[in-house]
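To start, the structure itself, in structure tokens.
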Amino acid sequence: MRVDGAQQADGEFQTWQREHQDPVSPEYPAVGSPARFDPFELESVMLNLDASLRIRARHQFFGWTQGTLQSLVEHQLLICALQNEAPARFHVDSFSTVPVEPTHFSELFRQDVFLVPHLIKSWEENHNQVITFEAGNGDQFAASALARELTRLGASHIVAHGTHDATGQLTSFFTFACRPGSISPRQAYYVELLVPFLHSAWIRTQVNWQAKSAGARPAVTGFLTPREREILEWIYRGKSNIEVGMILKISPLTAKNHVQKILRKLGVLNRTQAVGKALALRILTT
């Protein structure tokens, strides 16, 4: 029987499709296809992409990743690592609104010789696609200091993704530490979608825009008392009212009252907004 040209071409195209499907993570296109987003998801994605394009400073990146971005990828801690030529290899920064010391996790990431190399190697072997990992599952990597701290934080479920240059070499790596069971293929797809925007936004925060501006605004600190600025520093470091009270040897109630005064003076509603505005006003410095 003779097959006409259109039928033959259609058959060849279907064969090509089957042969060229991605063998690494076939479930992501099926589960996370933009065509299957509901209106709320589409709006949330667009809001996040738009927010990322407006970022020029660290406090803006903090506000985005710990605010709007949480609607798509709920996480307890975000660790950003940028490849460099220095002996330390990575420039690392961490962002979190839970009571932790972000700089502590940055240093653990930088010094880790077990979990971090494994994550990066797994990402590279997965054709530079999103990977997930359970840091507290009792395997050999669970013994690393970083894995232990993530488990203690209750954020042992890792989803990670990076960017690379034209030669395939790693340029940046983003690690989301999440509660166990909180990351589905849908959230992994969001990470894959958003990491290029994360990379661009975070790179922009590394530029000293204030130094480039002839009319750089001086720091505004006079309307907060020295004690309030001290407490604001500890809030920035993720300390709770109880922890601030123990550090400063004051009662938790006194610490809470100071925090409420700080919020009123800054004209904000919560601690995250207070940190963001304090960074913008240069009351706090990164």
### Query
Just wondering, is there one or more residues in segment 106-118 that are touching a residue at least 60 places away in the same chain (Cβ under 8 Å) and open to solvent by 10 Å² or more (accessible area, probe 1.4 Å)?
no
### Task
Could you identify the single residue in LEU281, LEU253 that is crowded, with 16+ Cβ neighbours inside 10 Å and farther than 18 Å from THR65 by Cα?
LEU281
#### Entry: Meets criteria (surrounded by 15 or more Cβ atoms within 10 Å (Cβ to Cβ), of a type in the set (Phe, Trp, Tyr) and modelled with pLDDT of 90 or more) for TYR190
yes
### Query
Restricting attention to segment 53-71, does a residue exist that is among the aliphatic types (A, V, I, L, M) and at pLDDT below 90?
yes
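When you look at ALA219, is it modelled with pLDDT under 90, part of a helix (DSSP H, G or I) and exposed (fewer than 14 other Cβ atoms within 10 Å of the Cβ), yes or no?
Judged against the criteria, ALA219 is not a match.
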### Query
Only one residue in ALA177, ALA166 is assigned to a strand (DSSP E or B), at negative phi, out of contact with any Lys or Arg (no Cβ under 6 Å at 6 or more places or on another chain) and among the small types (Gly, Ala, Ser), so which one is that?
ALA177
### Task
Report, by residue number, each residue of segment 19-52 that is open to solvent by less than 90 Å² (accessible area, probe 1.4 Å), at pLDDT 85 or above and out of contact with any helix residue (DSSP H, G or I) (no Cβ under 9 Å at 6 or more places or on another chain).
ASP50
### Query
When residues of segment 256-278 are filtered for being farther than 21 Å from ASP93 by Cα, within 29 Å of the chain's Cα centre (by Cα) and either polar (S, T, N, Q) or open to solvent by less than 50 Å² (accessible area, probe 1.4 Å) (or both), how many remain?
7
#### Entry: Tally of residues being open to solvent by 40 Å² or more (accessible area, probe 1.4 Å) and touching a strand residue (DSSP E or B) at 6+ places or on another chain (Cβ under 7 Å) across segment 154-170
2
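The values are calculated or read from the model by the stated rules, or taken from the named source; none is laboratory data. Because the structure is a prediction, the values reported are computed rather than measured. Heads up, the Cβs are rebuilt from the backbone with ideal geometry, glycines too, and the neighbour counts pull from every protein chain shown. Accessible surface areas use protein heavy atoms only, side chains included; no ligands, DNA or RNA. Shrake-Rupley method; radii C 1.70, N 1.55, O 1.52, S 1.80 Å.
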